[in-house]
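Undergrad: Submitted below is the structure of interest, expressed as structure tokens.
The values are calculated or read from the model by the stated rules, or taken from the named source; none is laboratory data. It should be emphasised that the depicted structure is a prediction, and the values quoted were computed from it without experimental measurement. All Cβ positions, even for glycine, are placed from backbone atoms using ideal geometry, and neighbour counts span all protein chains on display. Each accessible area value is taken on the protein alone, full model and side chains, heavy atoms only, with ligands, DNA and RNA left out. Shrake-Rupley method; radii C 1.70, N 1.55, O 1.52, S 1.80 Å.
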Amino acid sequence: MRNRIRPYAWGSRTAIADLLGEPSPAPHPQAELWVGAHPADPSALLDGPGGSVDEPGAPTRPLTEVIAADPVDTLGRPVHERFGSRLPFLLKVLAAAEPLSLQAHPSAAQAERGFALEEAAGIPLTSPQRNYRDSWHKPELICALTEFEALCGFREPSRTVHLLAALEVPALDHYLGLLSGQPDEHGTRALFSSIITIPPSTLGPLLSDVLAACVRRVQVADEFATEYRTALALGERYPGDPGVLASLLLNRITLQPGQALYLPGGNLHAYLAGVGIEVMANSDNVLRGGLTPKHVDVPELMKVLDFHPGDVPILHGDPGLPGERVYRTPTPEFRLSRLEPVPGRREITHAGPQVLLVVEGELQVADERGRILTVPRGRSVWIGAHDGLVWVAGDAVAYRATDGLD
Ligand SMILES: [Zn+2]
């Protein structure tokens, strides 16, 4: 496959270039490598003899066209019946040098309704004001390649009360009372909605008091030092943004390489820094609450948010095939696993489509027609449902994305 890079400003200039073996640092930020068939940036399949010769000028075909030409055979009957003529998942390498926006994604029903309403209102699909660019939900899973820092889901209320009270900022008392009087999802909703809608004239002085208190707490090596430090970093980058205050309500997570987070629809999150493999339903629907120069729509965000507070489970991967760790989620659109080296070859035949992305070493991929591909680090392979029996071998670490139907 030949994959495209999205140059968002928050991207790293080294991580994706290093993975691909290209000159590093790259001249521009490289935020995401898209591996899949999203219409906005589909991967292309090399069309040469054996399909493996990736030279400049080698003939390619967009994966979207390959699927459209023969959707049932390419995707397999079960995937085609459930999701239609489109690849249900999108795989990405995400390389964040700077924080991404505070965001959540809609549920399937919310996405359908939101898309229909914006279509009816005549908001162009390319408009920056557009929330719903398609009618699908977008649950996602991020698996760390390096240490990966994130804010994810609302913290258990009694701990958030503790974190805010320790700041000893009198102007916070009113907000604190919303949660201490009702330490559950209702209190969490009340607190978040008042914070995210504070008028700028109130927010300015409150934020500067809170950030000054964060500086003091960081100096005494508080149990929430990391949380306070995160608010300070966000406050520097996005002065006057209510998302800075809201960040103090969220679980502050550090993933170690190989650990993953599942983010169902409605989960409020912000990726802060690190490199990861991300898989998601093949959608582009994002509702933002702040920490971004992009379009923010708080009322719409409030409609989709899940306010149930608590710890977020970190996924370590369950055993699958030999040497395979599977990150299980309830999402039918995708399944992500990590293949570690094992002696000999192993069969990875699957009834639906598969994408393999090599992150270390070299992977051999063979099919029942006797075709053999050698896939180096940073490269990926498309395996259609009609490719039949497939085996892999070699000393590689690779990520494997498929549908989640089985
Ligand atoms: Zn997201």
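Undergrad: Tell me, what is the FRET efficiency for Thr14 and Ile123 to the nearest 0.05, using R0 = 35 angstrom and their Cβ-Cβ distance as r?
TA: 0.40
Undergrad: How large is ³J(HN,Hα) for each residue in region 290-304, as worked out from phi by the Karplus curve 6.51 cos²θ - 1.76 cosθ + 1.60 (θ = phi - 60°), to whole Hz, x for Gly and Pro?
TA: x, 6, 6, x, 6, 4, 10, 9, 5, x, 5, 4, 4, 5, 9
Undergrad: Under the Kirkwood approximation for Rh and a Cα-based Rg, what ratio Rg/Rh is obtained for the chain?
TA: 1.00
Undergrad: To the nearest 0.05, what FRET efficiency results for Val326 and Gln364 with a Förster distance of 22 Å applied to their C-beta separation?
TA: E between Val326 and Gln364, to the nearest 0.05, is 0.55.
Undergrad: For the chain, set up a GNM with springs between Cα atoms under 10 Å and report which of Leu163, Leu261, Leu87 has the largest fluctuation.
TA: Leu163
Undergrad: So between Asp209 and His386, what do we pick up on full extension, going 0.36 nm a residue minus the alpha carbon distance?
TA: Here the segment from Asp209 to His386 would lengthen by 57.6 nm.
Undergrad: Rounded to the nearest 500, what is the chain's calculated 222 nm mean residue ellipticity when only DSSP H runs of at least 4 contribute -39500 (n - 2.57) each, over all residues?
TA: That calculation yields -8000 deg cm²/dmol at 222 nm.
Undergrad: While we're looking at this one, here's another question. Let me check something: with ligands and nucleic acids excluded, how do His295, His105, His174 order by accessible area (1.4 Å probe), largest to smallest?
TA: Ranked from most to least accessible, the order is His174, His295, His105.
Undergrad: With a point put 7 Å past each Cα toward its Cβ, work out how far Arg61 is from Ile372 in nm, to one decimal.
TA: Computed distance between label sites Arg61 and Ile372 equals 2.5 nm.
Undergrad: Just the number, please: carbon plus sulfur as a percent of the accessible area of the chain, 1.4 Å probe, no ligands or DNA/RNA counted.
TA: That fraction is 54 percent.
Undergrad: Can you give the relative contact order of the chain as a percent, counting alpha carbon pairs under 8 Å and 6+ residues apart?
TA: 21
Undergrad: For region 163-235, run through the GluC sites (Glu not before Pro) and keep only the ones in DSSP coil with at most 15 other Cβ atoms within 10 Å of their Cβ.
TA: Glu168, Glu223
Undergrad: Set the Förster radius R0 to 51 Å, insert the Cβ-Cβ distance between Ala69 and Val298 as r into 1/(1 + (r/R0)^6), and round the FRET efficiency to 0.05.
TA: Given R0 = 51 Å and the Cβ-Cβ separation, E is 0.75.
Undergrad: Additional query: When the dipole is taken about the Cα centre of region 58-128, and only Lys, Arg (+1) and Asp, Glu (-1) are charged at their Cβ, what size is it in debye, to the nearest 20?
TA: Working: 6 positive and 8 negative charges, 31 e Å.
Here region 58-128 has a charge dipole of around 140 debye.
Undergrad: How far apart, in nm, are the 7 Å Cα→Cβ label points at Arg77 and Ser107?
TA: If labels sit at Arg77 and Ser107, their model points lie 3.3 nm apart.
Undergrad: For region 217-358, what number results from the quotient of the Cα radius of gyration and 2.2 N^0.38 Å? Intermediate results must be reported in sequence, preceding the final value.
TA: Numbers: Rg = 18.6 Å, N = 142, 2.2 N^0.38 = 14.5 Å.
Against the empirical 2.2 N^0.38 Å value, I get 1.29 for region 217-358.
Undergrad: For region 183-194, just list the computed ³J(HN,Hα) in residue order, Karplus coefficients 6.51, -1.76 and 1.60, θ = phi - 60°, integers in Hz, with x standing in for Gly and Pro.
TA: Listing the rounded values in order: x, 8, 5, 6, x, 4, 4, 4, 5, 4, 5, 6 Hz.
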